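Trainee: Handing you a structure now.
All of the numbers you see were taken from the coordinates with simple rules; none came from a lab. Keep in mind that this is a model prediction, so the values were computed, not measured. Methodologically, a virtual Cβ is constructed for each residue, glycine included, from the backbone with ideal geometry; neighbour enumeration extends over all protein chains shown.
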Amino acid sequence: MLAQNLWWIMVAVMGLTALVLFLTLARFIRLYLMAFFARAEIGFGQLIGMALRKVDPDVIVVSKIRAVQAGLEVATADMERHYLAGRNVPNVVTLMAAAKEAGAALAWEQAVALDLAGEDLPALAQQLRDKRAVNARAVLPGPGHEDIT
């Protein structure tokens with residue numbers, strides 16, 4: 001009788017452990033599949049590494065997917081670094097995508113510098129969208145973005 005009760009206790013503990021492990025990995029599996037099907041090139045190990053480094057994998061994966069869909073070349077490590085600096089990665093990607101749509105070249109480093117300088121990136125992105133037909137380079141502050149007209 002004792003052996004049978006002990007067996008059921010072991011099965012329950014193993015089942016509970018498997019459930020907790022599955023629920024933990026399900027988040028990473030979901031993110032990996034999102035990145036895989038969007039061709040965002042983020043590996044399963046990278047996702048686990050992000051979580052261990054206290055980087056929100058959801059923010060990085062969604063931002064990377066948006067960057068890939070906009071045709072931007074941004075390294076995942078650069079996004080993580082900017083996130084760890086306490087900055088807003090989605091806003092930087094949004095600004096870069098708006099600049100590309102408007103025909104202005106804006107590198108990751110330039111967009112990050114604008115974010116670190118305290119610029120209002122969503123407002124800049126909106127200005128770029130509004131001025132797309134006019135001249136997008138006049139909107140972006142700093143060297144290399146002077147008005148070319």
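Trainee: Between Val20 and Ala70, 0.36 nm times their residue separation minus their Cα-Cα distance comes to what? Let's see the in-between values first.
Mentor: Working: separation 50, 0.36 × 50 = 18.00 nm, distance 3.67 nm.
Taking 0.36 nm per residue and subtracting the Cα distance, the gain is 14.3 nm.
Trainee: Can you give me the orientation-averaged projected area of the convex hull built on the Cα atoms of the chain, in nm²? Intermediate results must be reported in sequence, preceding the final value.
Mentor: Numbers: hull surface 44.1 nm².
Over every viewing direction, the Cα hull of the chain projects on average to 11.0 nm².
Trainee: Further, regarding this structure: Note the full-extension length gain between Asn5 and Ile29 as 0.36 nm times their separation in residues minus their Cα-Cα distance, in nm to one decimal.
Mentor: Values: separation 24, 0.36 × 24 = 8.64 nm, distance 3.52 nm.
Extra length from Asn5 to Ile29 when fully extended: 5.1 nm.
Trainee: Where Lys and Arg each count +1 and Asp and Glu each count -1, what net charge lies around Ile42 among other residues with Cβ under 12 Å from its Cβ? If you can, show how the numbers build up before the last one.
Mentor: Numbers: positive: Arg39, Lys64; negative: Glu41, Asp58, Glu80.
Summing Lys/Arg as +1 and Asp/Glu as -1 gives -1.
Trainee: Dipole size in debye (nearest 20) for the stretch 62-125 around its Cα centre, Lys and Arg Cβ +1, Asp and Glu Cβ -1?
Mentor: On the way: 5 positive and 8 negative charges, 34 e Å.
Dipole about the Cα centre, nearest 20: 160 debye.
Trainee: With +1 on the Cβ of every Lys and Arg and -1 on the Cβ of every Asp and Glu, and nothing else charged, how large is the dipole of the stretch 1-106 about its Cα centre, in debye rounded to the nearest 20? The partial results should precede the final answer.
Mentor: Numbers: 10 positive and 7 negative charges, 17 e Å.
My answer is approximately 80 debye.
Trainee: Once label points are set 7 Å from the Cα along Cα→Cβ at both Ala107 and Gln126, what is their separation, rounded to one decimal in nm?
Mentor: 3.0
Trainee: Would you compute, from DSSP H runs of 4+ residues alone, the mean residue ellipticity of the chain at 222 nm, taking -39500 (n - 2.57) per run and dividing by the full residue count, rounded to the nearest 500?
Mentor: Working: 7 runs with 100 residues, N = 149.
Computed ellipticity for the chain at 222 nm equals -21500 deg cm²/dmol.
Trainee: What distance in nm lies between label points placed 7 Å from Cα along the C-beta direction at Asp58 and Leu84?
Mentor: 2.2
Trainee: Here is a further query. Could you work out how far helix 2-37 tilts from the main Cα principal axis of the chain, as a 0 to 90 degree angle to the nearest 10?
Mentor: Value to nearest ten degrees: 20.
Trainee: Note the angle between two axes, namely the Cα long axis of helix 57-69 and the longest principal axis of the Cα atoms of the chain, as a number of degrees from 0 to 90, rounded to the nearest 10.
Mentor: Orientation of helix 57-69: about 40 degrees from the principal axis.
Trainee: Ok, one more. What's the longest bit of the chain with no exposed trypsin sites (Lys or Arg not before Pro), using DSSP loop states and at most 11 other Cβ atoms within 10 Å as the test?
Mentor: Working: sites that count: Arg39, Arg53, Lys54.
Looking at the chain, 55-149 is the longest stretch - no exposed trypsin sites (Lys or Arg not before Pro) with at most 11 other Cβ atoms within 10 Å.
Trainee: Further question on the same structure: Just in the stretch 1-96: which GluC sites (Glu not before Pro) are loop by DSSP and have at most 16 other Cβ atoms within 10 Å?
Mentor: When the GluC sites (Glu not before Pro) of the stretch 1-96 are filtered for loop state and at most 16 Cβ neighbours within 10 Å, Glu41, Glu73 remain.
Trainee: If you take the Cα Rg of the stretch 1-74 and divide it by 2.2 N^0.38 Å, with N the number of residues, what do you get? Each step should come with its number before you reach the end.
Mentor: Numbers: Rg = 18.5 Å, N = 74, 2.2 N^0.38 = 11.3 Å.
Here the answer is 1.64, to two decimals.
Trainee: Pairing the Cα long axis of helix 121-130 with the longest principal axis of the chain, what angle in degrees results, from 0 to 90 and rounded to the nearest 10?
Mentor: The helix 121-130 is inclined about 50 degrees to the chain.
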